Amino acid sequence: MKNRAINFLRGVRELCFPSRCLSCTKQLDESAILFCGDCCGKLNFVNEPLCTCCGRTFIAGENHLCSVCLDKPWFFSRARAVFIYNDVIAKTIHGLKYGGRKECLATFGRLKKEANPCLDLFQPDIILPVPLHAKRLRQRGFNQALLLARVFYTEQKEKIDCDTFIRCLDTSPQTTLRGDERRKNMTNAFSIIDPEKVKDKKIILIDDVFTTGTTVNECSRTLKKAGAHEVQILTLARVREDD
Ligand SMILES: [Zn+2]
Ligand SMILES: [Zn+2]
């Protein structure tokens with residue numbers, strides 16, 4: 001009888017708090033980090049040496065400005081990410097965006113605290129998630145960048161603003177486009193409802209993945225044009241490039 005009661009309670013707990021690995025769905029012991037040992041081992045934190053500006057990682061040597069940043073300055077002053085983008089992160093982000101599996105957020109919030117390069121970012125006056133177009137927001141029901149902002153900045157939630165900065169163009173998914181097309185696709189995609197809110201402000205912009213940087217750069221351009229003092233970027237993950 002006792003066992004049946006315990007099993008019943010376990011079942012209920014399982015329904016409410018399914019402790020399965022966020023990536024491969026393997027059953028887990030009770031743990032705050034919802035990745036199994038295998039997937040945890042595959043998580044790859046961004047580490048030094050890296051580009052002091054865009055956060056691109058180097059195989060060896062000292063921190064320095066990468067060739068991309070030397071060549072073409074960005075509209076943001078610094079970008080940092082928690083993880084190198086890989087299969088484990090890809091599956092988890094996919095589960096969040098298309099399956100609504102929001103239990104990954106607490107895990108990501110905790111792991112962000114272990115990500116030392118993120119300490120390079122300034123204390124912001126205002127925190128802006130990269131906005132979704134209203135149509136996509138209606139389809140999905142939430143903006144994953146806003147949810148990430150809330151777990152990355154738990155103690156500064158009052159600085160998070162999701163009304164001032166909007167996406168006015170419903171752009172085609174960037175993943176299907178290359179270089180120049182990405183830039184064209186993004187140009188003038190964003191706008192600011194109330195420029196007073198960003199004027200002379202130090203802004204942290206949050207997104208899920210830094211791929212080529214085109215999206216966050218266009219966001220930063222729009223914010224700087226409206227008078228923002230400085231923009232820095234924090235993403236959950238960053239695509240690794242060879243350098
Ligand atoms: Zn796993
Ligand atoms: Zn760089």
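Just so it is clear, none of the values below were taken in a lab; they were calculated from the coordinates. None of these values were measured; they are calculated from a predicted model. In this analysis, Cβ positions are derived from the backbone assuming ideal geometry, glycine residues included, and neighbour counts consider all displayed protein chains.
Fewest first, what order do Arg178, Arg78 take by the number of other Cβ atoms within 10 Å?
Details: Arg178 8, Arg78 20.
By the 10 Å Cβ count, ascending, the order reads Arg178, Arg78.
Across all directions of projection, what mean area in square nanometres is found for the Cα convex hull of the stretch 177-243?
Numbers: hull surface 20.6 nm².
Answer in nm², one decimal: 5.1.
Would you calculate a helix-derived [θ] at 222 nm for the chain, using -39,500 (n - 2.57) for each DSSP H run of n ≥ 4 and dividing by the full residue count, to the nearest 500? Numbers along the way, then the final one.
Working: 9 runs with 84 residues, N = 243.
Calculated from helices alone, the mean residue ellipticity at 222 nm is -10000 deg cm²/dmol.
Report the antiparallel proportion of the DSSP beta bridges in the chain as a percent, rounded to a multiple of 5. Can you show the working numbers first?
On the way: 6 of 27 bridges.
Restricted to the chain, the bridges split so that about 20 percent are antiparallel.
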For this session: Evaluate the Kirkwood expression for the hydrodynamic radius of the chain, namely the inverse of the mean inverse distance over all pairs of different C-alpha atoms, and round to one decimal in Å.
Result: 19.1
For this session: Tell me which residues come under 5 Å, amide H to amide H, from Arg20 once H is placed; ignore anything under 5 positions away on its chain.
Result: Leu28
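What pairs in Lys42/Lys97; Lys72/Lys113; Lys97/Lys224; Lys91/Lys197; Lys102/Lys159; Lys42/Lys113 have C-alpha atoms more than 25 Å from each other? Before the final figure, lay out the partial values.
Numbers: Lys42/Lys97 21 Å; Lys72/Lys113 31 Å; Lys97/Lys224 29 Å; Lys91/Lys197 36 Å; Lys102/Lys159 22 Å; Lys42/Lys113 18 Å.
Cα-Cα > 25 Å for Lys72/Lys113; Lys97/Lys224; Lys91/Lys197; rest within.
Residues with beta-carbon under 14 Å from that of Cys24, excluding Cys24: net charge, scoring Lys, Arg +1 and Asp, Glu -1?
Values: positive: Arg20, Lys26, Lys42, Lys91, Arg101; negative: Asp38, Asp87.
Summing Lys/Arg as +1 and Asp/Glu as -1 gives +3.
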For this session: Please work out whether the stretch 75-184 counts as rounded, prolate or oblate from its C-alpha gyration tensor, where a ≥ b ≥ c are the square roots of the eigenvalues and a/c under 1.5 means rounded, while otherwise a/b larger than b/c means prolate and anything else oblate?
Result: rounded
Seminar exercise, completed: Amide H neighbours of Ile126 at under 5 Å, excluding residues fewer than 5 places away on the same chain, with H built from the backbone geometry, are Lys202, Ile204
Problem set entry | Farthest positive-ward along the stretch 113-243 dipole, Cα basis, beta-carbon charges - from Ile233, Pro173, Pro124 | Pro173
